[in-house]
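*Asks:* A single structure is presented below for examination.
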Amino acid sequence: VASAAHTQGAPEYIFDPFWPKDLPNNWKNGGIMGIAIDADENIWVYNRPNDLTSIELSAEPNPPIAECCARPPSMFHFDRNGNLINSFDAPQGHGMDVDDEGYVYLGQDTVRKYDPNTGEIVAEIERVPARENGAPVGLQPWPPERALGMGGRGPVFGFLGEFRAPPDPAAQAAARERVANFRATYPPETPMIVGNLEEIRVVEADNEIYVADSYLGGRVLVFDLDTLEFKRGWGAYGKPLSEISLDDADHDYTPNGPMPPDFAGHLTLNVSNDGLVYAADRNANRIHVTTKDGQFLREFVVAPGTGAGGSTGGVAFSHDPEQQYLIISSLTNNRVWFLNRDDGTIVTEFGRMGDNGGQFFGLHMIAVDASGYIYTGEVFSGQRVQRFVPVDSPRGQLLQQVANMEE
């Protein structure tokens, strides 16, 4: 059973080692960048093939130099039993959701809407024609050209900055000037995507789509689901977009220090059944609760001493009608936290860093289906999607029986 010490009545989960089934075609997925449950309770998984290193692509050369593996498409569509239904290869990105008609929304340099059967782009949200760091904008050639069997340096390389060259003062000054000019051109209230995409949530009842844009530490943006036109947005503590600070110092957070007045970075979000928006500011180890119009209600702080990636990652809800619990994934702690949704107290948790089934190395994404099954996705060396089921469910009871069988 995966749960740790917990309060009485807190949910307990057990790892399901039989989900998903093996991928076909000698594929090995990269880091998991998005998980979504569709209207049929099937599971969509968005992975990052460019994470794979050469040793993971040794079956590609002709002749191959090993039995495994080959580069996969970026999108997988699994049924509830873990069988692969379909796949398509869209440019990789971050964050995703699926609407009730099955259309897939992927976070790339903007939000793009894809036909689930053909993988063709149907529509996209408008974004500014430049990036703060000067990188190119728009769809780049996909898949990228490369020699068969040749991968990259892997997803962990440089994450902590240990391989970065010493800063050059002249280059730093030029970068500061470029950033200042960019922010003057595209102020915080710009009604388009400006930064990278962190999260996407479709709210069918309101015909809206919520987007977490990484610009200036993170902005919550809301668009019309049909027209994809901008409707409203806000920053930390529900402040209007125009009041988000351009000063990086207002976005900085030191573990166990005071909370910054603006989002610190890697913003994810989700919307509860009773109309509250939970925005997880991962780099500041906190969750902000607002109304759908951005009225700030409260702040939850989780493991405030966490550094190097933060404690509050993906946001999901328990499957009961009241959605009593927030279910939060932690990249750095490799934990799944269960928080009381009314006051933010942690009632239980499961997980730890490790390579065994049911453990995590880079816990990144999380989703919950209508039966309360939890699906997790990892980056770094994990690069897995895993499933956990309630111990009191029929499948949970069966898995417990298997786990307790004597050899």
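*Asks:* Can you tell me which residues in region 147-163 are assigned to a loop (DSSP other than H, G, I, E, B) and open to solvent by less than 90 Å² (accessible area, probe 1.4 Å)?
*Replies:* Residues satisfying the conditions are 147, 149, 151, 154, 155, 156, 157, 158, 159, 161.
*Asks:* Do we have any residue at all in region 150-166 that's of a type in the set (Phe, Trp, Tyr) and either touching a residue at least 60 places away in the same chain (Cβ under 8 Å) or in contact with a Cys (Cβ under 8 Å, 6 or more places away or on another chain) (or both)?
*Replies:* The answer is yes; a qualifying residue exists.
*Asks:* Residues that are over 22 Å from residue 94 (Cα atoms), at pLDDT 95 or above and open to solvent by 10 Å² or more (accessible area, probe 1.4 Å): does region 324-334 have at least one?
*Replies:* yes
*Asks:* Considering only region 385-397, state which residues are surrounded by fewer than 19 Cβ atoms within 10 Å (Cβ to Cβ) and touching a strand residue (DSSP E or B) at 6+ places or on another chain (Cβ under 8 Å).
*Replies:* Once the filter is applied, which keeps residues that are surrounded by fewer than 19 Cβ atoms within 10 Å (Cβ to Cβ) and touching a strand residue (DSSP E or B) at 6+ places or on another chain (Cβ under 8 Å), region 385-397 yields 391, 395.
*Asks:* Next question. Mind listing whichever residues of region 335-368 are polar (S, T, N, Q), buried (at least 16 other Cβ atoms within 10 Å of the Cβ) and outside any strand (DSSP E or B)?
*Replies:* If the condition is that a residue be polar (S, T, N, Q), buried (at least 16 other Cβ atoms within 10 Å of the Cβ) and outside any strand (DSSP E or B), then 359 is the only one that fits.
*Asks:* Please verify whether residue 56 is in a loop (DSSP other than H, G, I, E, B), modelled with pLDDT of 95 or more and either open to solvent by 10 Å² or more (accessible area, probe 1.4 Å) or touching a Cys at 6+ places or on another chain (Cβ under 9 Å) (or both), treating the condition exactly as stated.
*Replies:* no
*Asks:* Select the strands (runs of 3 or more DSSP E) contained entirely in region 59-107, then report the ones holding at least 3 residues which are out of contact with any Pro (no Cβ under 9 Å at 6 or more places or on another chain) and surrounded by 16 or more Cβ atoms within 10 Å (Cβ to Cβ).
*Replies:* none
*Asks:* Here's another thing I want to ask about it. Right, residue 229: acidic (Asp, Glu) and either surrounded by fewer than 17 Cβ atoms within 10 Å (Cβ to Cβ) or at pLDDT below 95 (or both) or not?
*Replies:* yes
*Asks:* If you don't mind, another one. Tell me which of these residue 166 doesn't satisfy, since it passes every other one: (1) in a loop (DSSP other than H, G, I, E, B); (2) open to solvent by less than 80 Å² (accessible area, probe 1.4 Å).
*Replies:* Failed condition: (2).
*Asks:* Regarding residue 300, is this residue more than 28 Å from residue 9 (Cβ to Cβ) and either in contact with a Lys or Arg (Cβ under 7 Å, 6 or more places away or on another chain) or not in a strand (DSSP E or B) (or both)? Explain how you work it out, then say what you get.
*Replies:* Values: more than 28 Å from residue 9 (Cβ to Cβ): no; either in contact with a Lys or Arg (Cβ under 7 Å, 6 or more places away or on another chain) or not in a strand (DSSP E or B) (or both): yes.
Answer is no for this residue.
*Asks:* Search region 50-74 for residues that are touching a residue at least 24 places away in the same chain (Cβ under 8 Å) and pair each with any residue that is acidic (Asp, Glu) and part of a helix (DSSP H, G or I) when their beta-carbon atoms are under 7 Å apart and the residues are at least 6 apart or on different chains.
*Replies:* Within 7 Å, the pairs are 69/56.
The values are calculated or read from the model by the stated rules, or taken from the named source; none is laboratory data. Please read all numbers here as calculations on a predicted model, not as lab measurements. Reconstructed Cβ throughout: ideal geometry from the backbone, glycine too, with neighbour counts over all protein chains shown. For the accessible areas, the whole protein counts, side chains as well, though only heavy atoms, and no ligand, DNA or RNA atoms are used. Shrake-Rupley method; radii C 1.70, N 1.55, O 1.52, S 1.80 Å.
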